[in-house]
1. Every residue in the range 142-152 that is more than 11 Å from the chain's Cα centre (by Cα), surrounded by 15 or more Cβ atoms within 10 Å (Cβ to Cβ), over 15 Å from residue 110 (Cβ atoms) and of a type in the set (Val, Ile, Thr), please.
2. Hey, among 160, 125, 132, which residue is assigned by TED's automatic domain parsing to the domain that holds residue 104, under 17 Å from residue 80 (Cα atoms) and not β-branched (Val, Ile, Thr)?
3. Filter the range 108-119 for residues that are farther than 17 Å from residue 138 by Cβ and free of Cβ contacts under 8 Å to residues at least 60 places away in the same chain and give the result.
4. Among the residues of the range 89-115, how many are among the polar types (S, T, N, Q) and part of a loop (DSSP other than H, G, I, E, B)?
5. Of the residues in the range 121-141, how many are within 17 Å of the chain's Cα centre (by Cα) and either of a type in the set (Ser, Thr, Tyr) or part of a strand (DSSP E or B) (or both)?
6. When residue 157 is evaluated against the numbered criteria (1) in contact (Cβ under 8 Å) with a residue 24 or more places away in the chain; (2) within 20 Å of the chain's Cα centre (by Cα), which criterion, by number, is the only one it fails?
Amino acid sequence: MPYPGNLPLVQDSGVIGPNANRQGPNQADAIYIDAAGTAVVSTLTGLQVANNGHLTAGQAPGAVGPAVTSPTAAAGANAGTGPPAPVVTANSTDVAGSITFGTGTTPAAGAQVVVTFAQAFGAAPLGVVITPINNVSAALQLNVSATAVGTFTVGCNTAPAGSQANTVYGFRYIVVGQS
């Protein structure tokens, strides 16, 4: 395959390709060589590398533009009787964000929150990484107990206290999708 010549590189963007200078939120074409040695032009959305090396993530692949819809969250099966609705914090996306939750009466260890993506992935995510937002959340030993193309479930190994407000417990998340 002949060398395609010089490809433009947008300064400080980490994007290289024939349309690297194209205007539009979080979108540019990139070119790479696949395992078979074929040049592939791919549209990138959402993930950006800043000149300081920081990664930022927008909405799930395919969703571009200023109108980003946040995922939704519902109380899990073990959150007790009558739990308050979990809260998806502002600026959360399918890729990263944070959620707070509480409990109803008689909660148990197990599923506490079910997160539904605004836009389902093409395949179940490779992984969802969560971190507790405070010490009381850490004491629950939060974990991701299930993932699917449209949802992930956060459970706990230690039963939470009953009748807690939806700001008491919480977690931050990052979703690693796959193509």
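The values are calculated or read from the model by the stated rules, or taken from the named source; none is laboratory data. Just so we're clear, the structure is a prediction, and the values are computed from it rather than from any experiment. Positions of Cβ are generated from backbone atoms using ideal geometry, with glycine treated the same way; all protein chains shown enter the neighbour counts.
1. 147 - this is the single residue of the range 142-152 that is more than 11 Å from the chain's Cα centre (by Cα), surrounded by 15 or more Cβ atoms within 10 Å (Cβ to Cβ), over 15 Å from residue 110 (Cβ atoms) and of a type in the set (Val, Ile, Thr).
2. On the way: 125 fails: under 17 Å from residue 80 (Cα atoms); 132 fails: under 17 Å from residue 80 (Cα atoms).
One residue alone meets the criteria, 160.
3. So in the range 108-119, the residues farther than 17 Å from residue 138 by Cβ come out as 108, 110-111, 114-119.
Correct list: 108, 110, 111, 114, 115, 116, 117, 118.
4. First pass over the range 89-115, keeping only residues among the polar types (S, T, N, Q): 89, 91-93, 98, 100, 103, 105-106, 112.
Subsequent filtering for residues that are part of a loop (DSSP other than H, G, I, E, B) retains 89, 91-93, 103, 106.
The total comes to 6.
5. Filtering the range 121-141 for residues within 17 Å of the chain's Cα centre (by Cα) gives 121-133.
Within this subset, residues satisfying the condition of being either of a type in the set (Ser, Thr, Tyr) or part of a strand (DSSP E or B) (or both) are 127-132.
Final tally of qualifying residues: 6.
6. If we test residue 157 against (1) in contact (Cβ under 8 Å) with a residue 24 or more places away in the chain; (2) within 20 Å of the chain's Cα centre (by Cα), just (2) comes out false.
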